[in-house]
Structures are given as C-alpha cells and as structure tokens.
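Peer 1: Can you read through this structure? Questions will come right after.
The values are calculated or read from the model by the stated rules, or taken from the named source; none is laboratory data. Just so we're clear, the structure is a prediction, and the values are computed from it rather than from any experiment. Cβ sites come from the backbone with ideal geometry, for glycine too, and all protein chains shown count toward neighbours. SASA here: full protein model, heavy atoms, side chains in, ligands and nucleic acids out. Shrake-Rupley method; radii C 1.70, N 1.55, O 1.52, S 1.80 Å.
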Amino acid sequence: MKKSQVRWCWAMILPVVIGLAIFTYGPMFASLLLSFTNDDAVNTPSYVGMANYKYLLTADPSFWVSVKVTGVFAAASVSLGLVASLSVALILNQDIPFRGIFRTLYYFPTILPATASGVLWAFIFQPQDGLLNGLLRKVGVGHPPAWTDSPQWALPALIIMSIWGFGGAMVVFLAGLQNTDKSLQEAASLDGATSWKKFWVITWPAITPLVFFNLTMSLIGSLKAFDQAFAFGTSGPGVGGPARATLFYVLNLYEKAFGHFHMGLAAAMAWILFAAIAALTGVNFALSKRWVKGSGI
C-alpha cells in the first residue's frame with residue numbers, strides 16, 4: 001500500500017479505535033481492577049485480593065440464588081424461544097394470505113423498548129385485575145395464578161414475556177428457509193416423502209448454522225437478562241421479588257452496585273459472568289461440530 005493509503009486507513013479507523021479504548025476496553029480494565037478492591041464509591045478503595053470472589057462464591061446468600069434463577073430462565077426462554085421462532089418461520093415461509101403483514105406483526109415486539117414491554121406485561125399478569133386472569137376467570141378458572149405476587153409463578157411469567165420477542169430469531173430462520181434448495185423439496189415430494197421427513201432430511205441440515213447462531217445469541221442475551229425483571233416490577237421487598245424468585249444475576253449485580261454501593265463486589269460479579277459466558281460460548285462452538293452442517297465452524 002502507498003503511504004497515503006496507509007495514512008487514510010488509520011485516519012478512518014482511528015475514531016473507532018479511540019472510542020473502543022475509551023468507552024469499552026478502558027471501563028473493562030477499570031472494572032477488573034475494581035474487582036480486587038473494596039470500593040464503595042465513597043471512600044478510597046484498597047486492595048483486597050481475591051476476597052470479593054471468595055465471598056461471592058462461598059458466603060454471599062444471594063449469589064447462588066441469582067445463578068439458579070438465571071440458569072432456569074436461560075434454559076426455558078432459549079429453548080422455547082427457538083421452538084417458537086422456528087415454528088412461526090416455517091408457517092410464514094408458506095404461501096399464505098397476508099404473509100407480509102404477519103411477518104411485520106411478529107417482528108414488531110422485537111423493536112419495542114424493554115420498559116414499554118414490561119409495563120404492558122405487568123398489566124397483563126396483574127393478579128387481581130390483569131387481562132390474563134380476567135380471561136381465565138371467564139373460561140371457568142376460579143383461582144388463577146397470582147403471577148407477579150407468587151414465588152412459583154413470577155419467573156414463568158417472565159419466561160412467557162421473553163418468548164414474546166422472538167421476532168429477531170424468526171427473521172433469521174425465515175431468511176435461511178427462503179434460501180433452501182426448492183428442487184430437493186420437490187424431488188422428495190415426488191418420492192412420497194412426508195412433510196416431517198422432508199423437514200428432518202432437507203430443511204433441518206440446511207438451517208443448522210442459523211440454529212447455532214440463534215442459540216448462541218439467545219443464550220448470551222438470556223444470561224445478561226436485566227430489563228425484563230427490572231421493568232416488570234415484581235412484588236416483594238428489594239429487587240427480584242417475590243422471595244427472590246426473579247433475582248436475575250445482572251439484577252443482583254445492579255443492586256449490589258447501585259443499591260448498596262458495593263462496587264468491588266459488583267465488578268467481581270461482572271467478571272464472573274464474563275467468564276461464564278465465554279466458557280459456555282466455547283462449549284457451544286465445540287459441540288456445534290457434531291450437529292451443525294456446512295457452517296465451516
């Protein structure tokens with residue numbers, strides 16, 4: 001490359017490099033340092049070594065509760081979300097009336113702000129006068145679930161709420177389905193193959209890279225879940241009510257940082273989450289070689 005081209009290259013990428021250094025890598029490095037201190041946002045922090053990590057893993061009464069809640073939420077919301085998005089994509093890939101309108105309607109919840117969605121679903125799941133319980137009473141359910149007031153039903157309510165936003169994954173699946181080889185489908189139909197057989201032999205191998213992509217992104221997003229519970233406003237003292245049934249990991253981190261000003265503990269929690277996401281993503285990539293077809297992973 002000519003020197004002028006090199007200079008223009010650096011001139012173009014320099015704003016991005018500076019932005020990443022100041023707003024991404026700089027704060028990450030600072031949080032790593034804070035995780036080894038007893039910073040409380042008021043006094044001068046002092047070095048405590050691995051004390052924050054040891055306390056979280058062995059003595060903190062809320063840490064493992066939030067890990068369990070987040071794990072259950074991730075497992076349920078990711079699996080149900082993938083099934084829902086793929087099922088709707090398969091239906092909307094057919095030649096049905098008003099197909100474009102249905103695609104828009106199913107994708108629309110994805111672009112709604114989390115706060116607006118939380119307020120809407122809080123009204124739907126309101127135990128006394130909510131829309132859902134009102135419908136259940138009309139069909140003969142005398143004592144519908146208390147939802148946001150019940151430790152047993154608060155987390156399922158948030159899982160249902162999360163599935164509502166499957167539009168992004170649906171669009172990805174729909175794009176893949178439209179690129180599958182139609183001649184293979186026609187040949188299989190002439191040979192008498194059933195729809196189920198055509199799906200598993202032709203369609204599924206073709207879309208496994210997209211399943212892997214949606215699985216990875218959904219898993220990362222669910223482990224970082226925060227907006228749902230924060231905007232949903234479940235009942236009970238503090239956050240994550242009732243009885244810590246919706247105490248997501250990041251919600252617990254937020255409460256430690258901005259509720260109790262334990263910045264060192266919060267930073268340590270953030271790096272534990274980072275390590276967990278990196279490990280699970282690595283495992284996901286390793287296992288993908290066994291079932292993802294033609295992805296080049």
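Peer 1: Determine if region 228-243 includes at least one residue that is within 30 Å of N38 (Cβ to Cβ), assigned to a helix (DSSP H, G or I) and touching a Ser or Thr at 6+ places or on another chain (Cβ under 9 Å).
Peer 2: Yes - at least one qualifying residue is present in region 228-243.
Peer 1: Also: Pull up region 88-99, narrow it to residues that are open to solvent by less than 50 Å² (accessible area, probe 1.4 Å) and in a helix (DSSP H, G or I), then point me to the one that is farthest from F213 (Cα to Cα).
Peer 2: If we take residues in region 88-99 being open to solvent by less than 50 Å² (accessible area, probe 1.4 Å) and in a helix (DSSP H, G or I), then L92 is farthest from F213 (Cα to Cα).
Peer 1: How many residues does region 206-227 contain that are open to solvent by less than 40 Å² (accessible area, probe 1.4 Å) and more than 24 Å from M161 (Cβ to Cβ)?
Peer 2: Residues that pass the stated criteria total 4.
Peer 1: Tell me which of these F261 doesn't satisfy, since it passes every other one: (1) touching a residue at least 24 places away in the same chain (Cβ under 8 Å); (2) open to solvent by 50 Å² or more (accessible area, probe 1.4 Å); (3) within 22 Å of the chain's Cα centre (by Cα).
Peer 2: Failed condition: (3).
Peer 1: Test A267 against the stated conditions and say whether it is among the hydrophobic types (A, V, I, L, M, F, W, C), over 18 Å from the mean Cα position of the chain (by Cα) and crowded, with 22+ Cβ neighbours inside 10 Å. Lay out the reasoning, then the answer.
Peer 2: On the way: among the hydrophobic types (A, V, I, L, M, F, W, C): yes; over 18 Å from the mean Cα position of the chain (by Cα): yes; crowded, with 22+ Cβ neighbours inside 10 Å: yes.
So A267 passes the test.
Peer 1: Do you know which residues across region 109-122 are modelled with pLDDT of 85 or more and surrounded by fewer than 12 Cβ atoms within 10 Å (Cβ to Cβ)?
Peer 2: Hit for region 109-122 is I111, nothing else.
Peer 1: Quick one: is L273 out of contact with any strand residue (DSSP E or B) (no Cβ under 6 Å at 6 or more places or on another chain) and free of Cβ contacts under 8 Å to residues at least 60 places away in the same chain?
Peer 2: yes
Peer 1: Return only the number of the condition from (1) more than 30 Å from V211 (Cα to Cα); (2) out of contact with any Gly (no Cβ under 7 Å at 6 or more places or on another chain); (3) hydrophobic (A, V, I, L, M, F, W, C) that V67 does not satisfy.
Peer 2: Every condition holds for V67 apart from (1).
Peer 1: Another one. Just to be sure before I move on: is N133 open to solvent by less than 30 Å² (accessible area, probe 1.4 Å), part of a helix (DSSP H, G or I) and farther than 29 Å from I220 by Cβ in the structure I sent?
Peer 2: yes
Peer 1: Here is a check on your reading of the model: is F123 free of Cβ contacts under 8 Å to residues at least 24 places away in the same chain, aromatic (F, W, Y) and part of a helix (DSSP H, G or I)?
Peer 2: Here the answer is yes, as F123 does meet what is asked.
Peer 1: Among the residues of region 176-198, what is the count of those that are surrounded by fewer than 15 Cβ atoms within 10 Å (Cβ to Cβ) and in contact (Cβ under 8 Å) with a residue 60 or more places away in the chain?
Peer 2: 1
Peer 1: Taking the condition open to solvent by less than 50 Å² (accessible area, probe 1.4 Å), in contact (Cβ under 8 Å) with a residue 12 or more places away in the chain and part of a helix (DSSP H, G or I), does T148 pass? If you could, list the steps in order and put the result at the bottom.
Peer 2: Values: open to solvent by less than 50 Å² (accessible area, probe 1.4 Å): yes; in contact (Cβ under 8 Å) with a residue 12 or more places away in the chain: yes; part of a helix (DSSP H, G or I): yes.
In short, yes.
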